[in-house]
Structure formats: C-alpha cells, structure tokens
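Student: One structure is given below, represented as structure tokens, and several questions about it will come after.
None of the figures in this text is laboratory data; all of them are computed from the coordinates on show. For clarity, every value in this text was computed on a predicted model and none was experimentally measured. Cβ sites come from the backbone with ideal geometry, for glycine too, and all protein chains shown count toward neighbours.
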Amino acid sequence: GIQVEQSPPDLILQEGANSTLRCNFSDSVNNLQWFHQNPWGQLINLFYIPSGTKQNGRLSATTVATERYSLLYISSSQTTDSGVYFCAVLGGGGNKLTFGTGTQLKVEL
Amino acid sequence: DTAVSQTPKYLVTQMGNDKSIKCEQNLGHDTMYWYKQDSKKFLKIMFSYNNKELIINETVPNRFSPKSPDKAHLNLHINSLELGDSAVYFCASSQQLAIGIEQYFGPGTRLTVT
C-alpha cells in the first residue's frame, strides 16, 4: 500500500516563530488532507489539497503531486497551534485514507 | 449543527463486555468510515460503508461488527472486549465513495478496557 512519511516527528517553537511541516508519499494520490489534532483529541480539517497551494489565515499548504510531497506552513505560531499535525492521502487505487505518523508540535511562550 | 457526531465521548468498561459506539452525520453524505487511533497516535481505517453497504474491511477481528441502519448512521459494536481494544475510535464521512473526496471526522470516542 501507499506509504506516508512526515517530518519532523517532533517540533518545539517559540510563540511567533514560523515552521514548515513536510509530508512525503510513495505513490500518486487523488486526495491529500492536512489535519490538526488538538490536545483534547479533536481532529480538525485544515486543508483538502491534492495539488496546488491554499491559504487559510496563518496557515498555508502546498502539494506538488508530481514530486509526491506536501508542505504545511505555519506562520506566527501561537500556543493554540500545539498538537499533532497529520497528513492523510487517498491513492494507489484504493478508497481509504492512509495517515502519516504525524508531527507533534509544541508552541511555548 | 454538528456535522459528524459520536456517542459516547468516553467509554470505560471491563474485559469481556460488549459495547457499542454510535455515529451520526447530518451532511447528507453517502459514505461513512470507522478509524482507530492507537496509543502511539497512529490512525488506521477499520471499515467503510457506502449507502449502507460494507465496502472496506481492513483485517479487523470479527469481534468488531459495524452496522449501518441508514445512510446517516454507522454504529460500531464490539464483542468480548480485550485490553488491546483500548484506543480512540473516530467516525468519518464523505460525500460519496469516490477518489479525491474530502473526509470529515467526528470528535472521537475514547475507549478504555480494564
């Protein structure tokens, strides 16, 4: 099946810093989503981005499908950005989302 | 106006018991899913239903039985609970069973088996 790798696995930032999270996948995809799992366990849809670039406030994402990666940018990070960021892809001819192992982000004052 | 809801939010039970988790979506979607998140936060699909028909069954023990009474509901029944079933279970839905369709997740049910 399709493999999804995320980096870095852990990240600690000072409030106000910027960061880039990466998602690599092993096959062509038809769907790529970024999620934020907050400290209370809720999975929040951030982006649906099988290709191209999208922006939502301080967050933006870019997927380069031909090179099999996606990037999530967080600018001017805040403590409420803490949590785990997952990318998930649907591809390889299947109908199921395959999740990466996540990036655990902690934003400190 | 919750899109995907699950009950209960927390469930603590003893080994050997049988329990159910309920999921409802009010998005008018055709397809619903169950995912399991283990203690290392790894998320993996368990089942997928499209218009009340089972589409995906990812090598899940047959102690787990999903039931879809209608398009808007997908319940998960677990028999003879084991310690290893402790996890967070997420329900999700998408407009249809097609490639390239965004999935929406419920708030999760944290199951603890003692």
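Student: Once you put a point 7 Å from the Cα of A:Thr53 and another 7 Å from the Cα of A:Asn18, both along the Cβ direction, what distance in nm separates them?
Tutor: That separation, rounded to one decimal, is 1.1 nm.
Student: Separate question: With θ set to phi - 60°, apply the Karplus curve 6.51 cos²θ - 1.76 cosθ + 1.60 along the stretch A:27-35 and write out the HN-Hα couplings as whole Hz, x wherever there is a Gly or Pro.
Tutor: With the stated coefficients, the stretch A:27-35 comes to 8, 5, 10, 9, 8, 9, 10, 10, 10 Hz.
Student: Within a 10 angstrom radius of each residue's Cβ in B:102-108, how many Cβ atoms of other chains show up on average? Whole number is fine.
Tutor: 6
Student: Counting only residues 5 or more places away or on other chains, whose amide H sits under 5 Å from the amide H of A:Leu46 once H atoms are built in the peptide plane?
Tutor: Hits under the 5 Å cutoff: A:Trp34, A:Phe35, A:His36.
Student: Work out the mean other chain Cβ neighbour count within 10 Å for the residues of A:42-49 and drop it here as an integer.
Tutor: Counting other chains' Cβ atoms within 10 Å and averaging over A:42-49 gives 4.
Student: Apply the Karplus parameterisation 6.51 cos²θ - 1.76 cosθ + 1.60, with θ equal to phi minus 60°, to every residue of the stretch A:81-86 and state each ³J(HN,Hα) to the nearest whole Hz, in sequence, with x for glycine and proline.
Tutor: 7, 4, x, 10, 9, 10
Student: Further question: Using a Förster distance of 41 Å, how high is the FRET efficiency between B:Gln14 and A:Glu5, based on the Cβ-Cβ distance and rounded to 0.05?
Tutor: That pair, B:Gln14 with A:Glu5, gives E of 0.60.
Student: Tell me, what HN-Hα J-couplings in whole Hz come from the Karplus equation 6.51 cos²θ - 1.76 cosθ + 1.60 at θ = phi - 60° for each residue of the stretch B:8-14, using x for Gly and Pro?
Tutor: For the stretch B:8-14, the Karplus-derived couplings read x, 7, 10, 9, 10, 8, 9 Hz, x marking Gly and Pro.
Student: If packing is taken as the average count of other Cβ atoms within 10 Å, what order do B:87-94, A:65-72 fall into, highest mean first? Walk me through the intermediate numbers first.
Tutor: Numbers: B:87-94: 23.8, A:65-72: 16.9.
So the order, starting with the most tightly packed, is B:87-94, A:65-72.
Student: If you don't mind, another one. Given the pairs B:Lys22/B:Lys44; A:Lys106/B:Lys67; B:Lys44/B:Lys67; B:Lys9/B:Lys40; A:Lys106/B:Lys44, which are separated by over 29 angstrom at their Cα positions?
Tutor: In this structure, A:Lys106/B:Lys67 exceed 29 Å between Cα atoms.
Student: Determine the equivalent ellipsoid of the protein assembly as shown by diagonalising the alpha-carbon gyration tensor, then write out the semi-axes as square roots of 5 times the eigenvalues, largest first, rounded to whole Å.
Tutor: Square roots of five times the eigenvalues give 29, 21, 15 Å.
Student: Starting from one equal scatterer on each C-alpha and no solvent at all, send me the Debye-based log10 I(q)/I(0) for the stretch A:4-108 at q = 0.11, 0.16, 0.23 Å⁻¹, two decimals.
Tutor: -0.30, -0.63, -1.25
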